[in-house]
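The values are calculated or read from the model by the stated rules, or taken from the named source; none is laboratory data. Please read these numbers as outputs of a predicted model, since none were measured by experiment. All Cβ positions, glycine included, derive from the backbone under ideal geometry; neighbour counts span all protein chains shown. The accessibility values were calculated without ligands, DNA or RNA, using every heavy atom of the protein model including side chains. Shrake-Rupley method; radii C 1.70, N 1.55, O 1.52, S 1.80 Å.
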Amino acid sequence: GTGSLIRHLYGGLATMKAGREDSMHELAGTQHAVVFPARVASLGRRHVVLDAPLPCAVKGRMWAAELHSWEGALRGVGIQDLTLEFPEEPYRPHFHEAGANALFFFGTVDCWALRLRILNADYGVGLNGTHFCTVDSVHLGTTYAGRSKKGPGCYGGAKGEGCSGHHGIDVSYGSHNLVTRFDFRTRFIHDVSVEWFAVATVVSRGRGDDLNLDMHRGAPFNTLFTSLDAGDGLRLLIGSGAAGRGTHTGARTVLWNIRSRRKKNRIPDATFGANMTYVGVDGITATTVPSEARDWHVEGLSSGADRHANESTGRIAPGNQSMSGRELVRYRFFRPANLHHAQRRRHEASHDEAAAELDPFWSL
């Protein structure tokens, strides 16, 4: 209909008018834009109490919220301790890849990819419609210099350097997925991507030679990027995705403690997204915030501040622009169940010793 729910996911920064940077006309009529799994804590005559806060507002009949029983998903499966190596062939142009695709999870729950080496890939790891899944300690690289190709598809980067693949790690749809301790020893066109209504994605403690955090449109929201080494830092926030799917990111994106060697990370323009928080991002200061930006907060990372943003996903901050970044994150985000601990409990119950090696993130 009117697209009011999707506009809400964009923090109000979206329009149905085609031809504009903030146009979301291609998302009109989307069914089940927000899918959020939770347990029913209690039932009343006219209400339901869930065991976790909602990731966004609910406006009764206007947004046609529904409750469904949730069963049949593949659960508790892990892929770990493998090398996935593709032939030594040059990377083909953007959208003309050969199909050297490593690993995809579709609609899975409580699953993981752990300690993988992915070499010469067009596409590394994809999470599509997954919930409470973890990508941990994935190395992405190449085995020969001729793999990388120059071209307009390799956004940013130092002069003369090309890309060796399309998507490194991609998260779309689904909720509460964690991508952590990755190591990009090459450049993909999009190193780490969030897109298509992904909610509560956490990207933490990874590194890249010249890391690109690609916010790929389609209303990904409540996203946290924290404790990252961006390498050269020349293409950190160059977003992509087809026009007509809204601004690059949905509301309440937080970037916290992101370092780079050259400290030349550039802040995006005001149409990148709404309700954004930058704390301790090298090269980005309050003086660089576009005047038209909608509810952006920028501050440095003080010596005594937390170097990790411990909370993840959800509530809009009150209109107090004098709050510190740490306070903004506390108000904007609630702390869900620790994904690693939840996985550990689940796998210990099934005698999976590997689960004990999963490192807790939110307990930092």
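Below are the figures for this structure:
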quantity: Theoretical gain in end-to-end length, Arg45 to Arg115 [0.36 nm per residue, Cα-Cα removed]; calculated: 20.4 nm
quantity: Shape call, the stretch 164-304: gyration tensor on alpha carbons, a/c limit 1.5; calculated: rounded
quantity: Rg/Rg_ref, the stretch 97-150, where Rg_ref = 2.2 N^0.38 Å and atoms are Cα; calculated: 1.27
quantity: Stretch gain in nm, segment Leu67-Arg92, where the contour uses 0.36 nm per residue and the Cα spacing is subtracted; calculated: 4.6 nm
quantity: Spin-label pair Arg262/Val289, simplified geometry with 7 Å Cα→Cβ offset, distance in nm; calculated: 2.7 nm
quantity: Rel. contact order, % - alpha carbon contacts under 8 angstrom, at least six apart, the stretch 115-227; calculated: 25 percent
quantity: Solvent accessible area, Å² - Leu67, 1.4 Å probe, full protein context; calculated: 120 Å²
quantity: Glu292 - accessible surface, heavy atoms, 1.4 Å probe, Å² rounded to 10; calculated: 130 Å²
